[in-house]
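Notes to accompany the following structure.
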Number of protein chains: 2
Amino acid sequence: MSALSDEHRPTLDRAVEEIRRRGYWSAYPEMPSGKIYGETAKEDGEKGFAALLNQPFPLDQPAGGDPVGREESPYGFALGITYPTVAPATLLAAAKAAGAAWARVPAEERVAVALEALKRLNRDSFLIANAVQHTTGQSFIMAFQAGGPHAQDRGLEAVAYAWDAMSAIPGAVRWEKPQGKNPPLVLDKTFRIVPRGVGLVIGCATFPTWNSYSAIFANLATGNATVVKPHPMAILPLAITVKVIRDVLSGAGHDPNVIVLAADDPERPVTMEYMTSEDVDLIDFTGSAAFGATVRAHARGRPVFTEEAGVNPVVIAGTDSFRGMCGNLAMSLSLYSGQMCTAPQSLFVPAGGIETDEGHKSAEAVGEGIARALDKLLGDPERAMAVLGAVQNPATLERVAAARDKGRLVRESAPVQGQDKARTATPALLAVDAASEAWREECFGPVAFLITVPDADEGIRLAADSAREKGAITASLYATDEALIDRAADAFARAGAPLSVNLTGGILVNQSAAFSDYHVTGLNPAGTATLTDAAFVTNRFSVATVRRPAAAA
Amino acid sequence: MSALSDEHRPTLDRAVEEIRRRGYWSAYPEMPSGKIYGETAKEDGEKGFAALLNQPFPLDQPAGGDPVGREESPYGFALGITYPTVAPATLLAAAKAAGAAWARVPAEERVAVALEALKRLNRDSFLIANAVQHTTGQSFIMAFQAGGPHAQDRGLEAVAYAWDAMSAIPGAVRWEKPQGKNPPLVLDKTFRIVPRGVGLVIGCATFPTWNSYSAIFANLATGNATVVKPHPMAILPLAITVKVIRDVLSGAGHDPNVIVLAADDPERPVTMEYMTSEDVDLIDFTGSAAFGATVRAHARGRPVFTEEAGVNPVVIAGTDSFRGMCGNLAMSLSLYSGQMCTAPQSLFVPAGGIETDEGHKSAEAVGEGIARALDKLLGDPERAMAVLGAVQNPATLERVAAARDKGRLVRESAPVQGQDKARTATPALLAVDAASEAWREECFGPVAFLITVPDADEGIRLAADSAREKGAITASLYATDEALIDRAADAFARAGAPLSVNLTGGILVNQSAAFSDYHVTGLNPAGTATLTDAAFVTNRFSVATVRRPAAAA
């Protein structure tokens, strides 16, 4: 692959247009359809997944340590897959050496490799969907979309930003400074993109691909080597990803150690050893605020891009579609059992109730409306499973059980009927007073708080304060008063929480679309970086200059 | 100032073109000429400076604490100027409040204010030159150029990058997702630039304006408020700067506390209190590596942009202009008495000598050639003062004296004859072996080491290793072998040190031109940021989104 092929160039050009336009665009079809992916694609994906179970994962990278792997499907079986390990210093040395060569590969070639890898990952979307489903617990359709095409779109978006930033730097220029009547001073200068070196990408258990692809592909395009450190319970999706990228690298004649997998298991964690290494030059992290603080504390001046956690608010001030609002909120609370970083947790309702198309509704009636919508959405077990998926971590079930006592139960959490193997839980809804401490902390999983406030403006104030103090990745508002909407827009902008207004149909506050939605602002404790903006790529490389007097004409 | 006036728009457009072209360009004339700045400008600048001495500096900002100010001119007199102080919490609260309003001002208006401020600072270049000369010790001509127009160019460059980055983000878009045969999902989205909040800009004693203007103007343009914390020995140039910007802000109807001065004196330092404050959202720092490490350790996930220090190497492998090389190096070592962050310190020469246009020269002969060129350059006291200026800090003289024993003296440092008031020192040149530790640490001031190496490639290796370990802001090479030049280009690119090759004329390795040279790469310990590239501005703001279903057509 000596340059951007005819196949990839149009994709790149279009992607660069779209990051500036930021309307709707997607390069990878989100429908798991045989017409698009091939009539046998679904079956091939299942077979491919089954073939990986209960044996060592075929990853040809530096090894020699004890293999690791304790993944268990939240749907009730052990994956039985093991992954190679090696001493971090050895893996880092391999990545560093590969990175030194990769840094000298022209940016155009690096981008071509990235685009080819994304194409192959897209082709493997059904396999990846199975891997994501049986590590995260997502339903198949979500695992396919969020784990496959949507993650690939985020990867492409990062490549586009990287290319845009790198192409803004000229390769060679003549610098000619006038000297009045004397001949000008003339220097020839060459500028060379120099990546930082080795990046560490720390993945999470709930969206192993979606939350890592921006970083992985930003690193790949800008010339950094990457050590991918997956969450010990969600290794497989990133192992497949690393394997695909390594295959494309090798096929194009490059050292595959430009990307390596650093798997571990919960008893023998390796993250700290990588993070504190002098051989790691930048860090991307998705995970808890507690570990996020550790990552930030170890930055040592290195670029650190984090997505941590937040308490996402909804302010309910009024609506002209009460049914639409309740249905939309029920879906937002239920999708993947509230395990999305974008799921709402704190719902603010005026104590005096709200005006709606169905007349005045008391605060209690609002809670009942949402509870009824939840019951309706989740009444049929099969449909419930398609929405809820399974619960990734047993600790989440414990958290849901413990939340029961934190307020007045408006709706109780329950397992999905007939699911004896999968870990499941429908959303709990708890009514609390604004003075309560219960709603102020993140309660990860299917738990939401209905918080009574004196009026909508106080709800906005509390919600924005909470975003500033505890972080928020989304905010949502239902209101018919345009002046109130403007005030909310100001308040949430200052608090760094993207605001969705009056969602009553097929769009959920949870959804963040590549090429359009800026995911995480970096302006509140929910994270330090945005997926994806210019800041996400520009600090992954710098420019080295050589200047010398121009040869006399 | 409701928008970019006809006066400023062409400057901005040209500056944005130039940051992509990166050839020669300057917006502010560097010649301290009456024809450009007005026939009385020089005299007005001197009078203006004299009028400021021995009284409180007229800065109308929150005050109430004991005034501070202990500045002393390295040319031998106390400035006697005091500056207002107030509790850091009070100053930060004022900056925060002003910043909240400034954040809502349209980017175009913010940029207009920045450009108007730069224009007025340019008009005050002679006053600023006096202030810079009598705090830093720079000669008048350098104080004028580096402290005035060159600093202003760096400020404009930062505004151009900020504008370029902000204009890439659309204000409002329609997002329309096809749904097959069903009507599309349609959202209207608005994107709003949201600055981080309050920036702390920590200045240095040697280039108070040049090293701070990029940060100050990047903050101003991107909507951040700024607390300017000058070095206690170089307050005046930044006090004048802050005053000018505040005047422009007020004149345009904005809260002047968008920029405030946090002066202190050596006995009562305030930097730590600002740096650790929760009300500081980003930090720019220029200064020592030791304090740089403290700044980086306190980042807490906040963006931190530093320029620290380095050991800048020169590898002497051969030349076709021995006289030109020695003269150029003598100038580089002498300019501002080696107090430039870009000045060379370690000169590597093959033990077997080099080939030149004057025949073979032994390593000793190379040292003697440079020493003779120094003697010639600095023989006349008046000319010497114009090149050397004065020594900013008495500790530098002690360091020069102590360096005497670190190797074989090739050329001794000495005061400039007839200067009984100014602190002066010509460069010392010491010959050492490559195994010596003496040359490996920064020895700030007029001291250079001539280091004997087995051959030029070993010199390149040692120099690049040193850059990686101790930092380097510049590197220089004299060579006639193009293959060797290529190897050096690779080695210094990897070490993040911009390389100048075969400078024998009017261009010095010390010089870094705005709009063309990337100053500091962030790839070695000399700093974390570049003046100026996209990474310098893009992380100073983020984007807040409001999205809502489009009204039915």
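Comment: the Cα-to-Cβ extended label point of A:Gly253, at 7 Å, lies 6.3 nm from its counterparts in the other copies, nearest first.
Measuring with a 1.4 angstrom probe and ignoring ligands and nucleic acids, A:Ile460 comes out at about 10 Å² accessible. Electrostatic tally near A:Asp281: other residues with Cβ closer than 13 Å to its Cβ, Lys and Arg +1, Asp and Glu -1, net +4. The mean of 1/r over all pairs of different alpha-carbon atoms in the range A:1-55, once inverted, gives a Kirkwood hydrodynamic radius of 14.4 Å. Each other copy holds its own label point for A:Ile141; taking that point as 7 Å from Cα along Cα to Cβ, the gaps run 7.6 nm, nearest first. In the protein assembly as shown, a dipole from Cβ-located charges (positive for Lys and Arg, negative for Asp and Glu) runs towards its positive end, and of B:Thr209, B:Ala390, A:Tyr274 it is B:Thr209 whose Cα lies farthest in that direction. Between B:Ala50 and B:Val105, the distance separating the two model label sites (each 7 Å from Cα on the Cα→Cβ line) works out to 3.6 nm.
Length gained on full extension, B:Ser321 to B:Gln419, computed as 0.36 nm times the residue gap minus the Cα-Cα distance: 31.9 nm. Each part reduced to its alpha carbon centroid, the range B:527-549 and the range A:295-322 end up 17 Å apart. In a Debye calculation with equal point scatterers on the alpha-carbon sites of the protein assembly as shown and no solvent, what is log10 I(q)/I(0) at q = 0.06, 0.09 Å⁻¹? Those come out to -0.50, -1.05, one per q. Entry note: the range B:20-150 has Rg to Rh equal to 1.03, where both radii use alpha-carbon atoms and Rh is the Kirkwood radius. Applying 1/(1 + (r/R0)^6) with R0 = 25 Å to the Cβ-Cβ distance of B:Phe77 and A:Gln179 gives a FRET efficiency near 0.10. Highest mean packing first, where packing is the average number of other Cβ atoms within 10 Å per residue, the peptides B:46-54, A:425-433 line up as A:425-433, B:46-54. Inter-copy label distances at A:Glu43, shortest first and taken from points set 7 Å along Cα to Cβ: 9.8 nm.
Taking 0.36 nm per residue of separation and subtracting the Cα-Cα distance, full extension of the segment from A:Asp6 to A:Ser277 would add 93.5 nm.
For a straight C-alpha distance cut-off of 18 angstrom, the aspartates and glutamates reachable from A:Lys181 (same-chain residues fewer than eight places away being disregarded) are B:Glu30. Solvent exposure of A:Ser26, expressed as accessible area, is near 40 Å², computed with a probe of 1.4 Å over the protein chains only. Within the same chain, lysines fewer than 8 places from A:Lys470 are excluded, and of the rest, none has a Cα less than 18 Å from its Cα. A simple count of charges around B:Val270, restricted to other residues whose Cβ falls under 9 Å of its Cβ and scoring Lys, Arg +1 and Asp, Glu -1, yields 0. Placing a label point 7 Å from the Cα of A:Arg268 along the Cα-to-Cβ line, the residues of the range A:76-92 whose backbone N sits under 16 Å from it are A:81-91. Close amide-amide hydrogen proximity is noted between B:Gly522 and B:Gly527, B:Ala529, each under 5 Å apart and 5 or more residues distant or on a separate chain (H modeled in the peptide plane; Pro and chain starts excluded).
For B:Met31, the solvent-accessible surface computed with a 1.4 Å probe is close to 110 Å², ligands and nucleic acids excluded.
Equivalent ellipsoid semi-axes for the range A:195-259, as square roots of 5 times the alpha carbon gyration tensor eigenvalues: give them largest first, rounded to whole Å.
In descending order, the three semi-axes are 19, 13, 9 Å.
The calculated FRET efficiency for the pair A:Glu469 and B:Ala168, based on their C-beta separation and a Förster distance of 41 Å, comes to about 0.85.
Each principal axis of the Cα atoms in chain B has its own extent, and those three values, largest first, are 84, 67, 46 angstrom. On a per residue basis, the range A:428-553 carries 29 Å² of accessible surface, using protein heavy atoms and a 1.4 Å probe.
Roughly what % of Cα-Cα distances in the range B:418-461 sit above 17 Å, to the whole percent? The share of Cα pairs beyond 17 Å in the range B:418-461 comes to 46 percent.
Across peptide B:179-191, the mean count of Cβ atoms from other chains lying within 10 Å of each residue's own Cβ comes to 3. For the cross-link pairs A:Lys35/A:Lys421; A:Lys243/B:Lys177; A:Lys42/A:Lys119; A:Lys47/A:Lys229; A:Lys177/B:Lys361; A:Lys35/A:Lys229, the ones whose C-alpha atoms lie over 23 Å apart are A:Lys35/A:Lys421; A:Lys243/B:Lys177; A:Lys47/A:Lys229; A:Lys177/B:Lys361; A:Lys35/A:Lys229.
The values are calculated or read from the model by the stated rules, or taken from the named source; none is laboratory data. On a predicted model such as this, the values are computed, not experimentally measured, just so you know. As a convention, Cβ positions derive from the backbone with ideal geometry for all residues, glycine included, and neighbour counts pool all protein chains shown. Note: accessible area is taken over every heavy atom of the protein model, side chains too, but ligands, DNA and RNA are not part of it. Shrake-Rupley method; radii C 1.70, N 1.55, O 1.52, S 1.80 Å.
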